[in-house]
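Q: Sharing a structure, written as structure tokens. Questions coming.
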Amino acid sequence: MATQHSRSAARLMMAPAVVLLLAWMLVPLTMTLWFSFKQYLPLRGGDLGWVGFENYVRFVTSSAFWPSVQATLIIVGGVLAITVVFGVLLAMLLDQPFWGQGIVRILVIAPFFVMPTVSALVWKNMFMDPVNGLFAHLWRAFGADPVSWLSEASLFSIVLIVSWQWLPFATLILLTAIQSLDSEQLEAAEMDGAPSLSRFWHIILPHLSRAITVVILIQTIFLLSIFAEIFVTTQGSFGTRTLTYLIFQRVLESQNVGLGSAGGVYAIILANIVAIFLMRIVGKNLDA
Amino acid sequence: MGRITLDKVTKSFGEAEVIPPLDLTIEDGEFAVFVGPSGCGKSTLLRLIAGLEDVSSGQIRIDGQDATETPPAKRGLAMVFQSYALYPHMSVRKNIAFPLRMAKLDQAEIDRRVTGAADVLNLTDYLDRRPGQLSGGQRQRVAIGRAIVREPAAFLFDEPLSNLDAALRVGMRLEISELHKRLQTTMIYVTHDQVEAMTMADKIVVLRAGHIEQVGSPLELYRTPRNLFVAGFIGSPRMNFIEGETAARHDAHTIGVRPEHIAVSQTEGEWSGVVGVSEHLGSDTFFHIHDTGLAETITVRADGEVGFRHGDRIRLSPRTDAIHRFDKQGLRIG
Ligand SMILES: Nc1ncnc2c1ncn2[C@@H]1O[C@H](COP(=O)(O)OP(=O)(O)OP(=O)(O)O)[C@@H](O)[C@H]1O
Ligand SMILES: [Mg+2]
């Protein structure tokens, strides 16, 4: 019963929250835009005035730019592939009745609650250390030379660490989706002569498609900005400098705020393109 | 061909024995209906025949072949589920074609059969829609279509009409009966609606707690129910049961008279009582009679024009040749 009166009252009451939210988003955004058009070197002369689009041009023409886009895509794509494939498998496994189900489900979700910095450190020091890591011991037990994971297979290592963190999220969403599948549909397919692989392909996977899209959408947005995992492991060396990390280096290591801000604006545009693209897919999926 | 034989089949879920040893034969081409109250094991029995549940012991034979261990897909049976279980992401055409694709038939044959089934079931205009865009009755027909294209040895229906409204239910009931007449294929049909059971069945199987109480044609069950349970279950409204002195006069522990076998009159009749609620259906009127001294209420059927009022004292006379007699154990006498 939204009368004229109650609607304006509602607007009035929501106003503080909306204003706060706008300020929260708009202030940093405006500042980023502002600095991106300036030559601003805090330790080397400070604000050196307006430079137009020079920062934008320099950011994309620097030799580090395309490799960083590539690294970002590899990490995001790799993590998405691993979490979706294993998420579906794990979800189907966890959907089966077995003893100790409750505990196992909680354990599976646990990695999601570990802070990225902590989990990256644990992986770096306990598993991937070429001298004392568990993998090194394992390799030596088989007589092989330990791999220095973070330098020899750096991208793969980071994909592995990040996947470990995000797999629980994917599993959880896919598990609830699997649980909502009408068991009579599977039984009907069984009677229709579909062997288990066909049932997976024709019934379970289409049923999961919406959940998979949601997983991909949400993860992409978060994965584009992973930082801690790179910071505590490779510090951006060995080809693991992503776009986010490049911006960080421009601002803090090179102390070039203007250049970094221009990179930030590119990142905003990129994230929005991804978001629009994925929203379309989800929207189409939700209509069907 | 589709002769299905159950030989001492039992089913337990953990401790709970849902189906005690059970023998049953369904002849080729027969329309068999399983009826019984909720939870009596009708669905379980059907799923055992389909192979969706494993029997705990006993043997299931299809056309004389032991099928106890055969997986569902190999039994040559098709099932129509209560929820229809259509595949929501496939068009109607793909739904109906699914079992044929799984059987790896060639595309021309698939198209021919799908078109044929759509023709029979009036689905031709809907072939490219998704199940979500169909009405309940249309979905039901798609589910039946998916079953008939396989040309199965027998159809299994688990309460296929219970999600439809009354008018549609009557229509679909006729369509399924029609289909059976045309295909002459064995059908096993689960319902708890005894009108469906009476109107569609060649053979009714009345179940209670996994036991078969009686097997027979609808009229056999109506005329000679073997015990009190069947007598009370078949027929609507329910049969009136009278115990005590009146029953003793007929050399029985309990006697049963159907509402349609009691005549009402203002003046003449063996029993008397006071009219309570009357249900006017137009063609018929059902009176609930109290204070008869026989049972709490006696239900009688009268012509739609008979107009007794609430509180009228009237007289009832049962048709003597339509009195069912039961002994102390509830079994039929004579
Ligand atoms: N998977 C199962 N595990 C344990 N008990 C079950 C299972 N399936 C059915 N039962 C039990 O078996 C009994 C028979 O169930 P069934 O579904 O066959 O009844 P029904 O006759 O089809 O009833 P309705 O008319 O309500 O559909 C019920 O008491 C039910 O609780
Ligand atoms: Mg049932």
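Q: Considering only strands (runs of 3 or more DSSP E) fully contained in region B:195-264, which possess at least 3 residues that are within 16 Å of ligand 1 (Cβ to nearest atom)? Outline the logic, then answer.
A: Values: elements: B:203-208, B:211-216, B:240-243, B:254-257.
Those strands (runs of 3 or more DSSP E) span B:203-208, B:211-216.
Q: Hey, another quick one. Checking residue A:213 against (1) farther than 30 Å from residue B:103 by Cβ; (2) of a type in the set (Val, Ile, Thr); (3) within 14 Å of chain B (Cβ to nearest Cβ); (4) crowded, with 22+ Cβ neighbours inside 10 Å, only one condition comes out false. Which one?
A: Going through the list (1) farther than 30 Å from residue B:103 by Cβ; (2) of a type in the set (Val, Ile, Thr); (3) within 14 Å of chain B (Cβ to nearest Cβ); (4) crowded, with 22+ Cβ neighbours inside 10 Å, residue A:213 breaks only (4).
Q: For the structure I just gave you, tell me whether residue A:180 is farther than 30 Å from residue A:115 by Cβ, within 14 Å of another protein chain (Cβ to nearest Cβ) and surrounded by fewer than 16 Cβ atoms within 10 Å (Cβ to Cβ). Before you say what the answer is, go through the steps one by one.
A: Working: farther than 30 Å from residue A:115 by Cβ: yes; within 14 Å of another protein chain (Cβ to nearest Cβ): yes; surrounded by fewer than 16 Cβ atoms within 10 Å (Cβ to Cβ): yes.
Yes.
Q: Further question: Which of the helices (runs of 4 or more DSSP H) found entirely inside region A:164-240 contain at least 1 residues meeting this: modelled with pLDDT of 90 or more and farther than 30 Å from residue A:70 by Cβ? Walk me through how you get there before you give the answer.
A: Values: elements: A:183-191, A:196-199, A:205-223, A:228-233.
In region A:164-240, A:183-191, A:196-199, A:205-223 are the helices (runs of 4 or more DSSP H) which contain 1 or more residues that are modelled with pLDDT of 90 or more and farther than 30 Å from residue A:70 by Cβ.
Q: If you don't mind, there's one more thing I want to ask. Regarding region B:159-178, can at least one residue be identified that is part of a loop (DSSP other than H, G, I, E, B), in contact with a strand residue (DSSP E or B) (Cβ under 6 Å, 6 or more places away or on another chain) and on the phi > 0 side of the Ramachandran plot? Can you show your working first?
A: Looking only at region B:159-178, we keep the residues that are part of a loop (DSSP other than H, G, I, E, B), and these are B:159-165.
Pick out the ones that are also in contact with a strand residue (DSSP E or B) (Cβ under 6 Å, 6 or more places away or on another chain) and you get B:159-160.
If we keep only those that are on the phi > 0 side of the Ramachandran plot too, we end up with B:159.
Checking region B:159-178: at least one residue is part of a loop (DSSP other than H, G, I, E, B), in contact with a strand residue (DSSP E or B) (Cβ under 6 Å, 6 or more places away or on another chain) and on the phi > 0 side of the Ramachandran plot.
Q: Please work out if residue B:42 is under 19 Å from the mean Cα position of the chain (by Cα), at pLDDT below 95 and within 16 Å of ligand 2 (Cβ to nearest atom). Give the steps one after another, and end with the answer.
A: Values: under 19 Å from the mean Cα position of the chain (by Cα): yes; at pLDDT below 95: yes; within 16 Å of ligand 2 (Cβ to nearest atom): yes.
Taking the combined requirement at face value, the residue satisfies it.
Q: Of the residues A:262, A:189, only one is of a type in the set (A, V, I, L, M, F, W, C) and touching a residue at least 40 places away in the same chain (Cβ under 8 Å); which?
A: Working: A:189 fails: touching a residue at least 40 places away in the same chain (Cβ under 8 Å).
One residue alone meets the criteria, A:262.
Q: Going through region A:197-210 one residue at a time, which ones are closer than 14 Å to residue A:88 by Cβ and either more than 8 Å from chain B (Cβ to nearest Cβ) or small (Gly, Ala, Ser) (or both)?
A: From region A:197-210, those closer than 14 Å to residue A:88 by Cβ are A:197, A:199-201, A:203-210; that's our starting set.
Those that are closer than 14 Å to residue A:88 by Cβ and either more than 8 Å from chain B (Cβ to nearest Cβ) or small (Gly, Ala, Ser) (or both): A:197, A:199, A:200, A:201, A:204, A:205, A:208, A:209, A:210.
Q: Okay, moving on. How about region B:133-147: which of its residues are modelled with pLDDT of 90 or more and either loosely packed, with under 15 Cβ neighbours inside 10 Å or among the β-branched types (Val, Ile, Thr) (or both)?
A: Answer for region B:133-147, where residues must be modelled with pLDDT of 90 or more and either loosely packed, with under 15 Cβ neighbours inside 10 Å or among the β-branched types (Val, Ile, Thr) (or both): B:133, B:142, B:144.
Q: OK, next. Among the residues of region A:55-95, how many are free of Cβ contacts under 8 Å to residues at least 40 places away in the same chain and among the hydrophobic types (A, V, I, L, M, F, W, C)? It would help to see each step written out before you state the result.
A: Within region A:55-95, the first condition is being free of Cβ contacts under 8 Å to residues at least 40 places away in the same chain, and the residues that meet it are A:57, A:61-63, A:66, A:70, A:73, A:77, A:81, A:85, A:89, A:93.
Now drop any that are not among the hydrophobic types (A, V, I, L, M, F, W, C), which leaves A:57, A:66, A:73, A:81, A:85, A:89, A:93.
Within region A:55-95, residues that are free of Cβ contacts under 8 Å to residues at least 40 places away in the same chain and among the hydrophobic types (A, V, I, L, M, F, W, C) number 7.
Q: Can you tell me which of (1) surrounded by fewer than 20 Cβ atoms within 10 Å (Cβ to Cβ); (2) within 16 Å of ligand 2 (Cβ to nearest atom) is the one residue B:17 doesn't meet?
A: Evaluating residue B:17 over (1) surrounded by fewer than 20 Cβ atoms within 10 Å (Cβ to Cβ); (2) within 16 Å of ligand 2 (Cβ to nearest atom) leaves (2) as the failure.
Q: On the given criteria, is residue B:127 within 18 Å of residue B:182 (Cβ to Cβ) and more than 9 Å from every other protein chain (Cβ to nearest Cβ)? Please lay out each step first, then the result.
A: Values: within 18 Å of residue B:182 (Cβ to Cβ): no; more than 9 Å from every other protein chain (Cβ to nearest Cβ): yes.
So residue B:127 fails the test.
Q: Restricting attention to region A:145-160, does a residue exist that is in a loop (DSSP other than H, G, I, E, B), surrounded by fewer than 16 Cβ atoms within 10 Å (Cβ to Cβ) and either more than 14 Å from every other protein chain (Cβ to nearest Cβ) or under 21 Å from the mean Cα position of the chain (by Cα) (or both)? Give the steps one after another, and end with the answer.
A: Residues of region A:145-160 that are in a loop (DSSP other than H, G, I, E, B), as a first pass: A:145-148, A:153.
Among the residues that remain, those that are also surrounded by fewer than 16 Cβ atoms within 10 Å (Cβ to Cβ) are: A:145, A:153.
Retained after the next criterion (residues that are either more than 14 Å from every other protein chain (Cβ to nearest Cβ) or under 21 Å from the mean Cα position of the chain (by Cα) (or both)): A:145, A:153.
Yes, region A:145-160 has at least one match.
Q: Which of the residues that make up region B:148-167 are more than 16 Å from ligand 2 (Cβ to nearest atom), under 18 Å from the mean Cα position of the chain (by Cα) and surrounded by fewer than 18 Cβ atoms within 10 Å (Cβ to Cβ)?
A: Listed by number, the residues that qualify are B:165, B:166, B:167.
Q: Restricting to region B:177-194, name every residue that is within 16 Å of ligand 1 (Cβ to nearest atom) and of a type outside the set (A, V, I, L, M, F, W, C).
A: Residues of region B:177-194 within 16 Å of ligand 1 (Cβ to nearest atom): B:188-194.
Answer for region B:177-194, where residues must be within 16 Å of ligand 1 (Cβ to nearest atom) and of a type outside the set (A, V, I, L, M, F, W, C): B:189, B:191, B:192, B:193, B:194.
Q: Given the residues B:120, B:114, B:92, B:80, which is the only one that is away from chain A (no Cβ under 14 Å), surrounded by 15 or more Cβ atoms within 10 Å (Cβ to Cβ) and closer than 15 Å to residue B:150 by Cβ? It would help to see each step written out before you state the result.
A: Values: B:114 fails: away from chain A (no Cβ under 14 Å); B:92 fails: closer than 15 Å to residue B:150 by Cβ; B:80 fails: away from chain A (no Cβ under 14 Å).
One residue alone meets the criteria, B:120.
Q: Need a quick list: helices (runs of 4 or more DSSP H) entirely within region A:1-102 having at least 3 residues that are touching a Gly at 6+ places or on another chain (Cβ under 8 Å).
A: A:4-36
Q: Tell me, yes or no, whether region B:251-268 has at least one residue that is buried (at least 17 other Cβ atoms within 10 Å of the Cβ), over 27 Å from residue B:204 (Cβ atoms) and either free of Cβ contacts under 8 Å to residues at least 24 places away in the same chain or not assigned by TED's automatic domain parsing to the domain that holds residue B:36 (or both).
A: yes
Q: Kindly evaluate residue B:128 against the criterion of being at pLDDT below 95 and either in a helix (DSSP H, G or I) or within 16 Å of ligand 2 (Cβ to nearest atom) (or both). Spell out how you get there, then give the answer.
A: Values: at pLDDT below 95: yes; either in a helix (DSSP H, G or I) or within 16 Å of ligand 2 (Cβ to nearest atom) (or both): no.
Spelling it out, it is not the case that residue B:128 is at pLDDT below 95 and either in a helix (DSSP H, G or I) or within 16 Å of ligand 2 (Cβ to nearest atom) (or both).
Q: Could I ask something else about it? Is there any pair linking a residue in region A:41-54 that is surrounded by 10 or more Cβ atoms within 10 Å (Cβ to Cβ) to one that is small (Gly, Ala, Ser), with Cβ under 8 Å and at least six apart or on different chains, and which?
A: Final answer for the pair search is A:41/A:258; A:51/A:258.
Q: Further, regarding this structure: Test each condition in (1) under 21 Å from residue B:29 (Cα atoms); (2) touching a residue at least 24 places away in the same chain (Cβ under 8 Å) for residue B:207 and report the one that comes out false.
A: Every listed condition holds for residue B:207 apart from (1).
Q: Among the residues of region B:1-55, what is the count of those that are of a type in the set (Asp, Glu) and within 12 Å of ligand 1 (Cβ to nearest atom)?
A: Step one: filter region B:1-55 for residues of a type in the set (Asp, Glu), giving B:7, B:15, B:17, B:23, B:27-28, B:30, B:53-54.
Applying the additional criterion that residues be within 12 Å of ligand 1 (Cβ to nearest atom) yields B:15, B:17, B:53-54.
Matching residues across region B:1-55 total 4.
Q: State yes or no: is residue B:278 part of a strand (DSSP E or B) and either among the hydrophobic types (A, V, I, L, M, F, W, C) or within 23 Å of residue B:231 (Cβ to Cβ) (or both)?
A: No; evaluated as a whole, the condition is false for this residue.
Q: State all residues of region B:179-206 that are more than 16 Å from ligand 2 (Cβ to nearest atom) and either on the phi > 0 side of the Ramachandran plot or β-branched (Val, Ile, Thr) (or both); if no residue qualifies, say none. Please lay out each step first, then the result.
A: Filtering region B:179-206 for residues more than 16 Å from ligand 2 (Cβ to nearest atom) gives B:179-187, B:195, B:198-204.
Within region B:179-206, B:184, B:185, B:186, B:195, B:199, B:204 qualify.
The values are calculated or read from the model by the stated rules, or taken from the named source; none is laboratory data. These numbers come from a predicted model, not from an experiment. Ideal geometry is used to build each Cβ from the backbone, glycine not excepted, and the neighbour counts take in all protein chains shown.
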